[in-house]
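Every read-out reported here was derived from the displayed coordinates using simple, explicitly stated rules and does not represent laboratory data. Owing to the predicted nature of the structure, the values given are computational and were not obtained by experimental measurement. Methodologically, a virtual Cβ is constructed for each residue, glycine included, from the backbone with ideal geometry; neighbour enumeration extends over all protein chains shown.
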Amino acid sequence: MQNSRVKLRWVSKMRDVVIIGAGQTKFGEHWEKSLRELAVEAGLRAIEDAGIYSKDIDAIYGGNMSAGSSTFQDNIGTLIADFTGLAINNIPAIRVENGSASGAAALHEGFIAVASGIYDTVLVGGVEKLTDVPMENITDVISGEIDREWEAFNGSTLAASAAMIARRYMYEYNAKREHIAYIPVISHRHGSLNPYAHYKNTIKIEDVLNSTIVADPLTMLDCAPISDGASAVILTTMENAKKLKNDGIVRIKASTLASDFISLHSRDNITSFRSTIEASRKAYKMAKLEPKDISFVELHDAYSIFGMIALEDLGFFRKGEAGKYLEEGYGNLDSKLPINPSGGLKAKGHPLGATGVGQVVESVFQLRKQADKRQVSDPRYALTHSMSGAGGSSIIHILEVV
Amino acid sequence: MTIPRFWREFEHRYRLIGTKCPSCGRVYFPPRDVCPYCHRESVGKMQKYELKNTGKIYSFTVVYQDIPDFKELKPYIMAIVEMDDGPKITGQIVDASPEEIKIGMPVKAVFRRIREESPSGIIEYGYKFVPI
Amino acid sequence: MVGIVSYGSYIPKWRIKVEEIARVWGEDPEDIKNGLFIYSKSVPGPDEDTATISVEALRNALSRKRINDVGAIYVGSESHPYAVKPTATIVAEATGFSPNITAADFEFACKAGTAAMQTVMGMVKAGMIRHGIAIGADTSQGAPGDALEYSASAGGTAFIIGEKDTIAEIKATYSITTDTPDFWRREGQDYPRHGGRFTGEPAYFRHILETSKKIMELMKTKPEDYSYAVFHQPNGKFPSRAAKTLGFKESQIKQGLIVPYIGNTYSGSMITGLSAILDIAKPGDRILAVSFGSGAGSDAFHIEVTDGIENYPRENAPDVWKQINSGKFIDYAIYAKFKGKIKMGE
């Protein structure tokens, strides 16, 4: 494998990019709302929260993965521009797709646009409408994130990929099955405090172990639900932001993206996500921070094992040791490293394209101390981790309150 | 899967024909046109390579999801097999029960039906693995 | 002299007992076992068919001896996966013989495989091709609750035939063909039908006995001149009776009598029994191999094992009795699911 090329020469020439508005819909089953309606709802909340007008927006970046395969609707960027009422200004609009990380990818693109000076103020959103897909096709749509020809065709699914990773992880590190179950337990504990969450019940380790098997050893409670939802943020330059607001400004200190081989079988090792290691290494360098500086982390726990491995790949724990620390209480709101204060993908929900932006929306609320019952005490730096497929790509954002 | 999309992969799906990089000697399956390690040196030079059909199980799972194509086989065993020639391949393990499967177990590739387009459509064959 | 250069068989792993089928349809298993001399049969997995079985049988033959110069491949079956698109094209592609080869599928009920053998023998003898492949394989269906359900099974055998370096010479072959409607399936029908007791004397016995006697007349041989004899095996009774009528001893047919454990593999039936014999045959052994195909016809072969079998690596592929004895038993529900007998939703 090539060594990480952490070339950040351009960092010094970048403009300071900040978030001045954030908003999202509830994540859950929205039978009565269409994809367009969800996108508009989230977008309007973010615009209102920012205190700007639609004419102030220079471009739209929309993250969405499955509209094409589930409802045969493409050209999503244009669609969102249309229904948010902005197409009338011929606004530049584009859909960004990176599987489950589509939203975070849209944010990365929006960040690059503002940082480089191409645009000043952009609306970044993510939206997904999974309940429009017939139940029997959902697994197949999601299998679009793994290698369709050589993994899905032969019978693999994203859950099966996660399960094979879990089994190999337990084999290589002699890890306990219970350790992996901590992730959904923690996510549910925090999700129960989040009014935006899909699931508000709490669960125990035994519940995870005894739940219906999806792909052995993973059960239903190891897997994020099928959710609808939308989330959005408004990005602008620090200069602009200071003119508009006095508080509630959150700076994007790092926005990084890294890829890996799409299929598990092409990788040298499947118990680590190289894309997460690379993206986070670049992010820490960009932000001039270390893992110990992070106040809380929003992990991509589409599957429990993904969250667990991410904790190690993000540098919080050494390989094979995440379980030990989770057992000791890490992850709770009042611990040294709160995990998924939003409820994570497992409890808050996982409307694919909306997820990554949703993690950032949560981080903004947390950093502004607007997170109510699930507030992390005195947070300074937030790290969000979004992934596509089984680690095919990872996108990291590090945020700080200004 | 449409006919041309499936047909062009026959020799890969039927006979485990991959590619070998003449520079570094690594074998790839599925076949690659560019070696991820040697890049330009490998372009246009990758050689066809027929893999030996034996390998060992690298990881596996038992799938309980409702996948329409594999309804009669549920629950079925999905595995990543590390082939003796080097590359790892994702495929089902058949003619075995989940309790028998262990990481490191030797298996060999066999020719099986993977799925069919429809009762009137073409049959898509490919590789699966059985314990040796 | 034209003969067998390499051979290989494949029998699917799943088995179902006569008791289990009888339980579902309210029959007395002891009656069935005594009447048919069948105890269990092989069942193909839902991901197996005549093409996959043919490929595995041929791959077994090739792992014993890889032959590259093959000019023709014919697959005989009554359960080809496609009614139009030869199984032989899939087998040729999957074993690396495409594109420089001629191919087609054969159908003659249970003797489609031996018909393919005769064709390939002729092409080799005529100098048209160096080697030819003849395969007989089936995943036969028996209508639920019908007598055939106890015997209709799955399996296949491949022969690579040539003139040089044979392990067994096919010194003579003799056939008869008549229009005898003992067992048939109309186009579009799921299951075959048969004439009950009519399938005995006027069909099976008439044809098998006639070709057997005729070929021994031609070769000036008597039953005691043969080390082994193998006949088409629709059940365990018919071939035993035919052998006895002709004057063969039980010990001569024992090795090739596989039907009691794996049922009637139709186009794979006699030739898989022949494969079992080749698994233990020694140089100089004479084999009488006689197939029967409903409709009807019979192909008889006089085979003599050569010295070539001494250095031929039979151990490179699993032998027939090893495959027979490594089966896994399933119940009727799983059997019905595997064989697609359950009406599924859309």
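Hey, if you put +1 on the Cβ of every Lys and Arg and -1 on every Asp and Glu Cβ in the protein assembly as shown, which of C:145, B:31, A:72 ends up farthest toward the positive end of that dipole? So the residue furthest toward the plus end is B:31. Note on the protein assembly as shown: dipole from Cβ charges, positive end direction compared against B:46, A:208, C:336; the farthest Cα belongs to B:46.
Remark: for residue pairs C:213/C:237; A:26/A:245; A:13/A:282; B:102/C:33; C:111/C:213, the C-alpha separation exceeds 28 Å in B:102/C:33. Around the Cα centre of the protein assembly as shown, unit charges on the Cβ atoms of Lys, Arg, Asp and Glu (plus for the first two, minus for the last two) sum to a dipole of about 1700 debye. When only Cα pairs below 8 angstrom with a gap of at least 6 residues are kept, chain C shows a relative contact order of 26 percent.
Roughly what % antiparallel, to the nearest 5, for the DSSP beta bridges in chain A? So the antiparallel bridges in chain A amount to around 70 percent. Taken one residue at a time, the phi angles of the range A:347-355 give Karplus couplings (6.51, -1.76, 1.60, θ = phi - 60°) of 9, 5, x, 9, x, 2, x, 7, 4 Hz. Gly and Pro are set to x. Using 0.36 nm per residue and subtracting the Cα-Cα separation, the extra length available between residue C:104 and residue C:342 on full extension is 82.5 nm. For residue C:108, the residues whose modelled amide H falls within less than 5 Å of its own, excluding neighbours fewer than 5 places apart on the same chain, are C:77.
Protection proxy ranking, highest mean first, for peptides A:96-103, C:255-262, C:27-34: A:96-103, C:255-262, C:27-34, where packing is the per-residue count of other beta-carbon atoms within 10 Å, averaged.
For the range B:52-131, the antiparallel share of DSSP beta bridges with both residues in that region comes to about 95%.
Provide a whole-number value for the mean count of partner chain Cβ atoms within 10 Å of the Cβ atoms in peptide C:299-308.
Numbers: counts 0, 0, 0, 0, 0, 0, 0, 0, 0, 0.
Average neighbour count from other chains, rounded to a whole number: 0.
By the rule of a second cysteine Cβ within less than 4.7 angstrom, the protein assembly as shown holds isolated cysteines at A:223, B:24, C:110.
Between residue A:335 and residue A:14, the modelled labels are 3.0 nm apart [label points 7 Å from Cα along Cα→Cβ].
Find the relative contact order for chain A and round it to a whole percent, using C-alpha pairs within less than 8 Å whose residues are 6+ positions apart.
25
With the cut-off at 1.5 for a/c, could you classify the range C:64-145 from its C-alpha gyration tensor as rounded, prolate or oblate? Since a/c reaches 1.5 and a/b is larger than b/c, the shape of the range C:64-145 is classed as prolate.
A protection proxy built from the mean count of other Cβ atoms within 10 Å ranks the segments C:304-312, C:113-121, A:59-67, A:347-355, most packed first, as A:347-355, A:59-67, C:113-121, C:304-312. Taken along the Cα-to-beta-carbon direction at a fixed 7 Å, the label points for residue B:118 and residue C:31 span 4.5 nm.
At an R0 of 25 angstrom, the distance between the Cβ atoms of residue B:84 and residue B:23 translates into a FRET efficiency of 0.70.
Scalar couplings 3J(HN,Hα) for the range B:85-91, obtained by applying the Karplus form with A = 6.51, B = -1.76, C = 1.60 to θ = phi - 60°, are 7, x, x, 9, 10, 9, x Hz; x denotes Gly and Pro. Counting other C-beta atoms within 10 Å, which of C:251, A:342, A:266 has the fewest, and how do the rest follow? Sorted ascending by nearby Cβ count, the order is C:251, A:266, A:342.
Inter-chain Cβ neighbour count for B:68-81, averaged per residue, equals 5 (cutoff 10 Å, partner chain atoms only). Beta bridges from DSSP with both residues in the range C:101-208: antiparallel share about 90 percent, rounded to the nearest 5. The angle between the Cα long axis of helix A:102-116 and the main principal axis of chain A comes to about 40°, on a 0 to 90 degree scale. Ordered by the number of other Cβ atoms lying within 10 Å of each residue's own Cβ, fewest first, C:279, C:105, C:331, A:132 fall into the sequence C:331, A:132, C:279, C:105.
Can you show me the helix-derived [θ] at 222 nm for chain A, built from DSSP H runs with n ≥ 4 at -39,500 (n - 2.57) apiece and divided by the number of residues, rounded to the nearest 500. Provide the component values of the computation, followed by the final result.
Values: 13 runs with 142 residues, N = 402.
One gets -10500 deg cm²/dmol as the mean residue ellipticity at 222 nm.
Extending 7 Å from the Cα toward the beta-carbon at both residue B:99 and residue C:69 defines two label points whose distance is 5.3 nm. Packing around the peptides A:231-239, A:300-308, B:45-53, taken as the average count of other Cβ atoms within 10 Å per residue, puts them in this order, highest first: A:300-308, A:231-239, B:45-53. Between residue C:8 and C:61, C:158, the built amide H atoms are under 5 Å apart, and every one of these is 5 or more places off in sequence or on another chain. Within the range A:301-402, the GluC sites (Glu not before Pro) that combine a DSSP coil assignment with at most 12 other C-beta atoms in a 10 angstrom radius are A:328. Taken residue by residue and averaged, Cβ atoms of other chains lying within 10 Å of the Cβ of B:119-128 number 3.
Please label the shape of the protein assembly as shown as rounded, prolate or oblate, based on the square roots a ≥ b ≥ c of the eigenvalues of the alpha-carbon gyration tensor (a/c under 1.5 means rounded; beyond that, a/b larger than b/c means prolate, else oblate). Taking the square roots of the gyration eigenvalues as a ≥ b ≥ c, the protein assembly as shown is prolate.
For the range A:347-402 versus the range A:174-218, the inter-centroid distance based on Cα atoms is 19 Å.
Restriction of the GluC sites (Glu not before Pro) in the range A:18-61 to DSSP coil positions whose beta-carbon has at most 13 other beta-carbons within 10 angstrom yields A:32.
Sorting A:127, B:63, C:290 by the number of Cβ atoms found within 10 Å of their own Cβ, with the fewest placed first, yields B:63, C:290, A:127. Which whole-angstrom value gives the distance between the alpha carbon centres of the range C:261-323 and the range B:44-112? The two parts, judged by their Cα centres, are 32 Å apart. Taking each DSSP H run with n ≥ 4 as -39500 (n - 2.57) and averaging over every residue of chain C yields -9000 deg cm²/dmol at 222 nm.
Averaging the sequence gap over all C-alpha pairs within less than 8 Å and six or more residues apart, then dividing by the number of residues, gives the range C:171-308 a relative contact order of 35 percent. Treating the angle as unsigned and between 0 and 90°, give the value, to the nearest 10°, between the Cα long axis of helix A:158-173 and the longest Cα principal axis of chain A. The two axes meet at around 60 degrees.
Tell me the Kirkwood hydrodynamic radius of the range B:52-131 in angstroms, computed as one over the mean inverse distance between distinct C-alpha pairs.
13.1
What pairs in B:20/B:56; A:204/A:319; C:41/C:244; C:65/C:249; C:125/C:254; A:204/B:56 have C-alpha atoms more than 28 Å from each other? From the list (B:20/B:56; A:204/A:319; C:41/C:244; C:65/C:249; C:125/C:254; A:204/B:56), the Cα-Cα distance tops 28 Å for C:65/C:249; C:125/C:254; A:204/B:56.
Counting only aspartates and glutamates at least 8 places from residue A:243 when in the same chain, those with an alpha carbon closer than 20 Å to its own are A:16, A:48, A:49, A:56, A:58, A:120, A:400. Relative to the longest principal axis of the Cα atoms of chain A, helix A:35-50 runs at roughly 60 degrees. At 24 angstrom or more along the helix axis (alpha-carbon based) and mean Kyte-Doolittle of 1.0 or higher, what helices does chain C contain? Whole DSSP H runs only. Both cut-offs are met by no helix.
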